[in-house]
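Colleague: Structure in structure tokens, see below.
The values are calculated or read from the model by the stated rules, or taken from the named source; none is laboratory data. All values derive from a computational prediction rather than experimental measurement. Neighbour counts are summed over all protein chains in view; Cβ atoms, including those assigned to glycine, are modelled from backbone coordinates with ideal geometry. These area figures cover heavy atoms from the full protein model, side chains too; ligands, DNA and RNA do not enter into them. Shrake-Rupley method; radii C 1.70, N 1.55, O 1.52, S 1.80 Å.
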There are 2 protein chains.
Amino acid sequence: MSPDDLKALTFDVFGTVVDWRGSLIAEFRPFGKDNGLAVDWDRFVDEWRSGSRNRIDAVRTGTLPWANLDELCGTQLDELLKAYGIRGLDEGDKNWMNRAWHRLKPWQDSVSGLTRLKKKFVTATLSNGSVACMVNMAKHAGLPWDCVLSAEIFHHYKPDAQVYRGAVELLGLQPHQVMMVAAHNYDLHAARTHGLQTAFVARPAEKGPRQTSDLKPEEDWDVAASSLEELALALGA
Amino acid sequence: MSPDDLKALTFDVFGTVVDWRGSLIAEFRPFGKDNGLAVDWDRFVDEWRSGSRNRIDAVRTGTLPWANLDELCGTQLDELLKAYGIRGLDEGDKNWMNRAWHRLKPWQDSVSGLTRLKKKFVTATLSNGSVACMVNMAKHAGLPWDCVLSAEIFHHYKPDAQVYRGAVELLGLQPHQVMMVAAHNYDLHAARTHGLQTAFVARPAEKGPRQTSDLKPEEDWDVAASSLEELALALGA
């Protein structure tokens, strides 16, 4: 790594910057209670996430046509509600549930860390989430992005090459001038393949109390940190 | 117009938010002096702008292949330097000149007006400028965008339909929930064609002291204002 070359940081968002699981559960538990739904919401959101991930992979392999993540999550939600035998929710309720992805809350260090990093670098999302999701979430959570980049812009999902290469191109930079920041080793692995620098941020509670993957860096990433504040420190920001 | 429907504002940038002409001249005059160049910089930047606009139209009609505005302006600059008989500038100088578009300065009311508007609405660029240009300019000038949208994302230049429709889609909204803000009637005309709301912001000095076009609204745009502060006032922001 040549830190002097570094101009921009691109961030994975779900899990890396915001606590998707905790945020969804915190919204759905009281909602379930109010609506008389006896649902294990921890399991529900885990299955929602993994089912949506399967849909992403179906788009990547061409089994499904392009659809943005709001649409994929919406279809997955319909299926899940059916599987859980949850009836009686109207379109407004379902829309509110799906839009919970636009209201995810940041980890405690995210806003302060990003604020520091933004002073020295261009900070951009590089998420599989939709542009609208990134924009609404940023407004809701106070995330100070310079630029919102998303799989939706490229009509390709991570870890497809088009996402990383496309981001570098839109930022008007060379790959080594950009650092991918993620809590997921697969994302950094792909980014490195395309010449980006890499920073692992450990989020050991992202997937719940029994998380077994992504507990630590699996390659010699350029930086490994346990928060965005620590990343800022490591990058002199 | 139903003001209650309005969720997002998309902004033309060159001329509407930043003073491209004044900013370029202010950089090039001292540069010319330092380099012993006897050039009428007012005319030079006007010709640069109009030549680049011609290149945009050549891309729109398919005469030129897609290239972002940094590339189009760079080619136009090379041609112009030749036409003016300016020799002896190295690649660094030329790059610095072309990158002046990334360093344009906002009109006096732009940052304060956008800051107000951002509290109530999603604020996004919708410029023919490149994504990198918008990002670098925002950092340089302190423009607080929620989202950077650009012709480059759609590989179509304004006033092509794809730009307006694409922006509405990426923002996850309906056309009537989005307002195009521009100092140029042609831009608003196209936006209205695709169902967006429209706001004209008069910038009577944008094209210099002898500006003859876009001095006033040519249709009954939803809002007409003389500054972004006045637009904020009109929209209750």
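Colleague: In segment B:198-221, how many are open to solvent by less than 10 Å² (accessible area, probe 1.4 Å) and at pLDDT 95 or above?
Modeller: 5
Colleague: Condition check: touching a residue at least 40 places away in the same chain (Cβ under 8 Å), open to solvent by 40 Å² or more (accessible area, probe 1.4 Å) and in a helix (DSSP H, G or I). Does residue A:78 satisfy that?
Modeller: It is false that residue A:78 is touching a residue at least 40 places away in the same chain (Cβ under 8 Å), open to solvent by 40 Å² or more (accessible area, probe 1.4 Å) and in a helix (DSSP H, G or I).
Colleague: Which one of these is part of a helix (DSSP H, G or I), in contact with a strand residue (DSSP E or B) (Cβ under 9 Å, 6 or more places away or on another chain) and closer than 30 Å to residue B:228 by Cβ: B:53, B:43, B:49?
Modeller: Of B:53, B:43, B:49, the one residue that is part of a helix (DSSP H, G or I), in contact with a strand residue (DSSP E or B) (Cβ under 9 Å, 6 or more places away or on another chain) and closer than 30 Å to residue B:228 by Cβ is B:49.
Colleague: Checking the condition more than 26 Å from residue B:68 (Cα to Cα) and in contact with a strand residue (DSSP E or B) (Cβ under 6 Å, 6 or more places away or on another chain), which residue from A:191, A:141, A:232 passes?
Modeller: From the options A:191, A:141, A:232, the qualifying one is A:141.
Colleague: Take the conditions at pLDDT 95 or above and open to solvent by less than 30 Å² (accessible area, probe 1.4 Å) and apply them to residue B:64. Does it pass?
Modeller: So residue B:64 does not fit the description; no.
Colleague: Mind listing whichever residues of segment A:137-154 are farther than 17 Å from residue B:118 by Cβ and more than 7 Å from every other protein chain (Cβ to nearest Cβ)?
Modeller: Within segment A:137-154, A:149, A:150, A:151, A:154 qualify.
Colleague: Additional query: Select, from A:104, A:173, the only residue that is at pLDDT 95 or above and either surrounded by 21 or more Cβ atoms within 10 Å (Cβ to Cβ) or away from chain B (no Cβ under 12 Å) (or both).
Modeller: Result: A:104 is the single residue among A:104, A:173 that is at pLDDT 95 or above and either surrounded by 21 or more Cβ atoms within 10 Å (Cβ to Cβ) or away from chain B (no Cβ under 12 Å) (or both).
Colleague: For segment A:119-136, how many residues meet the condition of being within 11 Å of chain B (Cβ to nearest Cβ) and either open to solvent by 10 Å² or more (accessible area, probe 1.4 Å) or part of a helix (DSSP H, G or I) (or both)?
Modeller: Counting residues in segment A:119-136 that are within 11 Å of chain B (Cβ to nearest Cβ) and either open to solvent by 10 Å² or more (accessible area, probe 1.4 Å) or part of a helix (DSSP H, G or I) (or both) gives 9.
Colleague: Which residue out of A:140, A:194, A:156 is touching a residue at least 40 places away in the same chain (Cβ under 8 Å), surrounded by fewer than 23 Cβ atoms within 10 Å (Cβ to Cβ) and touching a helix residue (DSSP H, G or I) at 6+ places or on another chain (Cβ under 7 Å)?
Modeller: Answer to the check: A:156.
Colleague: Looking only at residues in segment B:163-185 that are in a helix (DSSP H, G or I) and among the small types (Gly, Ala, Ser), which one is farthest from residue B:11 (Cα to Cα)?
Modeller: Once the filter is applied, the top-ranked residue is B:166.
Colleague: Sort through A:116, A:29, A:99 and tell me the only one that's within 15 Å of the chain's Cα centre (by Cα) and basic (Lys, Arg).
Modeller: Answer to the check: A:99.
Colleague: Continuing with this model, one more query. Scan segment A:197-216 residue by residue and report those that are over 15 Å from residue A:18 (Cβ atoms) and in contact with a Leu (Cβ under 8 Å, 6 or more places away or on another chain).
Modeller: A:197, A:198, A:199, A:200, A:202, A:204
Colleague: Something else now. Among the residues in segment A:45-64, are any without any contact (Cβ under 8 Å) to a residue 12 or more places away in the chain, β-branched (Val, Ile, Thr) and more than 25 Å from residue A:137 (Cα to Cα)?
Modeller: yes
Colleague: Turning to a different aspect of this structure: Among the residues of segment A:1-31, write down those that are at pLDDT 95 or above and in a helix (DSSP H, G or I).
Modeller: A:20, A:21, A:22, A:23, A:24, A:25, A:26, A:27, A:28, A:29, A:30, A:31
Colleague: For residue A:224, state whether it is surrounded by fewer than 23 Cβ atoms within 10 Å (Cβ to Cβ) and either touching a strand residue (DSSP E or B) at 6+ places or on another chain (Cβ under 6 Å) or more than 14 Å from chain B (Cβ to nearest Cβ) (or both).
Modeller: In short, yes.
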